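Below is one structure; the comments refer to it alone.
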Amino acid sequence: MAELDTSGGGGKKGGKVRSKKASTRIDLTAMVDLAFLLITFFIMATTLAKPKAMDTFWPDKTKKDVQLPVPESRTMTVLLGSNHKLAWYVGAPGATPPTVDNFGKNGIRKTLIENNKKIEETHAGKDNYMIVLVKASDKSTYKDFVNILDELNITGIQSRAVVAITAPEVKMLKDNQLY
């Protein structure tokens, strides 16, 4: 049991004679119990921050011969390079020179929105969506990969794939000093 003893002084010789004061005894047990009850209540009542994760779907590794055709006219390829830079091109590799860009509102996000709108206008029918292929080089960082996936989510592009980078695309990155 916790208590606080504030007994009066005394024992000094000389001076005035004072009457002996009774000691005050304060029982702190109830306050300690209340403190633990409050701590327990707030721990149980608080919702902890849930980790935010992005769902990704990966193909079945047992089926190696399944390759879906990807129309080049609706395909935009994003190559992740070094120093938080990227290059992108629309269509087949080598048909158009890649454009060097960066992340952000005025970078790849603006490009994704413009190219998606252009593809929707030129392709009538049910297949008028853009397909984005993300290819990371060994010089890119994980942060860049997450950033491009975030940009795809922000722009609302649903059709995307993570593909291995090829040797001609690595050469493109080297030619643009991104490797």
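Top mean-square fluctuation among LYS50, LYS21, LYS64, Gaussian network model of the chain, C-alpha springs under 10 Å?
Comparing LYS50, LYS21, LYS64 in the GNM, the peak value goes to LYS21.
Measuring from label point to label point, each 7 Å out along Cα→Cβ, what is the ASN153 to PHE42 span in nm?
It is 3.1 nm.
Order by neighbour count: VAL134, VAL70, fewest other Cβ atoms within 10 Å first, most last. Display every interim value, and only then the final one.
Working: VAL134 21, VAL70 13.
Listed from fewest to most nearby Cβ atoms, that is VAL70, VAL134.
Pick out which of LEU79, LEU112, LEU48 has the largest mean-square fluctuation in a Gaussian network model of the chain, springs linking Cα atoms closer than 10 Å.
Top of the fluctuation ranking is LEU48.
Quick one: angle between helix 142-155 and the longest Cα principal axis of the chain, in degrees between 0 and 90, rounded to 10, please.
80 degrees
Quick check on the exposure proxy: order LYS16, LYS85, LYS118 from fewest to most C-beta atoms within 10 angstrom.
Fewest-to-most Cβ neighbours within 10 Å comes out as LYS16, LYS118, LYS85.
Let me check against my output: what whole-number percent is the relative contact order of region 72-175, with C-alpha pairs under 8 Å and at least 6 apart?
Numbers: 156 pairs, mean separation 32.9, N = 104.
Once normalised by length, the contact order is 32 percent.
Gaussian network model of the chain, Cα springs within a sub-10 Å range: biggest mean-square fluctuation belongs to which of ALA164, ALA95, ALA53?
Most flexible of the set in this elastic network: ALA53.
Have a look at the DSSP beta bridges in the chain and tell me what percent are antiparallel, nearest 5.
Of those bridges, close to 55 percent are antiparallel.
Between VAL162 and residues 5 or more places away or on another chain, which pairs have amide H atoms under 5 Å apart, with H built 1.01 Å from N, and which residues are they?
Under 5 Å from the amide H of VAL162: VAL134.
For LYS117, list the aspartates and glutamates whose Cα falls under 20 Å from its own Cα; do not include residues on the same chain fewer than 8 positions away.
LYS117 reaches GLU72, ASP101, ASP127, ASP150, GLU151.
Give me the lysines in straight-line cross-link reach of LYS64: C-alpha distance below 25 Å, same-chain residues under 8 apart excluded.
In chain and number order, the partners are LYS135.
Could you calculate the contour length gain from VAL100 to HIS84, that is, 0.36 nm times the residue separation minus the distance between their Cα atoms, to one decimal place in nm?
Contour length minus Cα-Cα distance gives 4.7 nm.
Estimate the FRET efficiency between TYR142 and PHE57 by the formula 1/(1 + (r/R0)^6), using the beta-carbon distance for r and 22 Å for R0, to the nearest 0.05.
Once rounded, the FRET efficiency stands at 0.70.
Label-point separation (nm) for LYS110 and LYS64, each offset 7 Å from Cα along Cα-to-Cβ?
If labels sit at LYS110 and LYS64, their model points lie 4.5 nm apart.
Is there a pair in LYS118/LYS174; LYS85/LYS171; LYS105/LYS143 whose C-alpha atoms are over 27 Å apart, and which pairs would that be?
From LYS118/LYS174; LYS85/LYS171; LYS105/LYS143, over 27 Å: LYS118/LYS174.
For Rg/Rh (Cα atoms, Kirkwood Rh), the listed values are [x] 0.93; [y] 1.56; [z] 0.95; which was obtained by calculation from the structure presented?
Here Rg/Rh (Cα atoms, Kirkwood Rh) agrees with entry [y].
Where a number appears in this text, it was derived from the coordinates with a stated rule and is not lab data. Keep in mind that what you see is a predicted model, and the values were worked out from it rather than measured. For neighbour counting, all protein chains shown are included, and Cβ atoms are generated from backbone atoms with ideal geometry for every residue, glycine included.
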